[in-house]
Amino acid sequence: QVQLVESGGGLVQPGGSLRLSCVASGNIARIYVMGWYRQAPGKQRELVATITEGGSATYADSVKGRSTISGDNAKNTVYLQMNSLKPEDTAVYYCYGVILHISATRVANYWGQGTQVTVSS
């Protein structure tokens, strides 16, 4: 089994900052990509940011310049620092990983349970 557990969500005022964390655990052979998606009420899940094993990062245009994704390969952990938060950033944020299980021959996509981020005054 592979589990992804998020933390760091909460209520923040517009213009504020939050740092999300996600730890991957279990029978992991290798992590190729980790990242974050979000889903606002009534909307489809969308990419926020991803980072590869080698450290290459990708950002959605909506968060570019306001967010930084980083990873700690030794800890199987990914972080998302979000600054200058806006009400439209309100969503459930899901951790995502492209991970090779130790008993698998191909990678699979794994998801966390999600953490709520609410930006409101």
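Miscellaneous remarks
- ³J(HN,Hα) computed for each position of the range 84-100 - Karplus, 6.51 cos²θ - 1.76 cosθ + 1.60, integer Hz, glycine/proline x: 6, 5, 10, x, 6, 7, 4, 4, 8, 9, 10, 7, 9, x, 9, 10, 9
- Check: the range 49-116 dipole with +1 on Lys, Arg Cβ and -1 on Asp, Glu Cβ, in debye: 40
- Farthest toward positive dipole pole in the range 34-75 [+1 Lys/Arg, -1 Asp/Glu at C-beta], among Ser67, Gln39, Ile51: Gln39
- Of the accessible area of the chain, computed with a 1.4 Å probe over protein heavy atoms only, carbon and sulfur atoms account for 46 percent.
- Sparse packing (at most 14 other Cβ atoms within 10 Å of the Cβ) combined with a DSSP loop state is found for the following trypsin sites (Lys or Arg not before Pro) in the range 1-59: Lys43.
- Spin-label model distance (nm) - Thr58 vs Gln113, 7 Å beyond Cα toward Cβ: 2.9
- Whole-angstrom gap from the range 43-121 to the range 5-32, using each part's C-alpha centre: 7
- Cα-based reach from Lys43 at 30 Å (exclusive), listing lysines while leaving out same-chain residues under 8 positions away: Lys64, Lys86
- Hypothetical label at Ser84: residues of the range 50-64 whose amide nitrogen lies under 11 Å (7 Å Cα-Cβ projection): 63-64
- Placing +1 on the Cβ of every Lys and Arg and -1 on the Cβ of every Asp and Glu, with no other charges, gives the chain a dipole of roughly 60 debye about its Cα centre.
- Exposure rank, largest accessible area first [Ile51, Ile102; 1.4 Å]: Ile102, Ile51
- Heavy atoms of the protein chains alone define the surface here; on that basis the chain has 54 Å² accessible area per residue at 1.4 Å probe size.
- Using C-alpha pairs below 8 Å separated by at least 6 residues, the relative contact order for the chain is 37 percent.
- Shown here for the range 61-121: trypsin sites (Lys or Arg not before Pro) in loop regions (DSSP other than H, G, I, E, B) with at most 15 other Cβ atoms within 10 Å, namely Lys64, Arg66, Arg106.
The values are calculated or read from the model by the stated rules, or taken from the named source; none is laboratory data. On a predicted model such as this, the values are computed, not experimentally measured, just so you know. Ideal geometry is used to build each Cβ from the backbone, glycine not excepted, and the neighbour counts take in all protein chains shown. When the accessible area is computed, the model is the full protein with side chains, heavy atoms only, and any ligands, DNA or RNA have been set aside. Shrake-Rupley method; radii C 1.70, N 1.55, O 1.52, S 1.80 Å.
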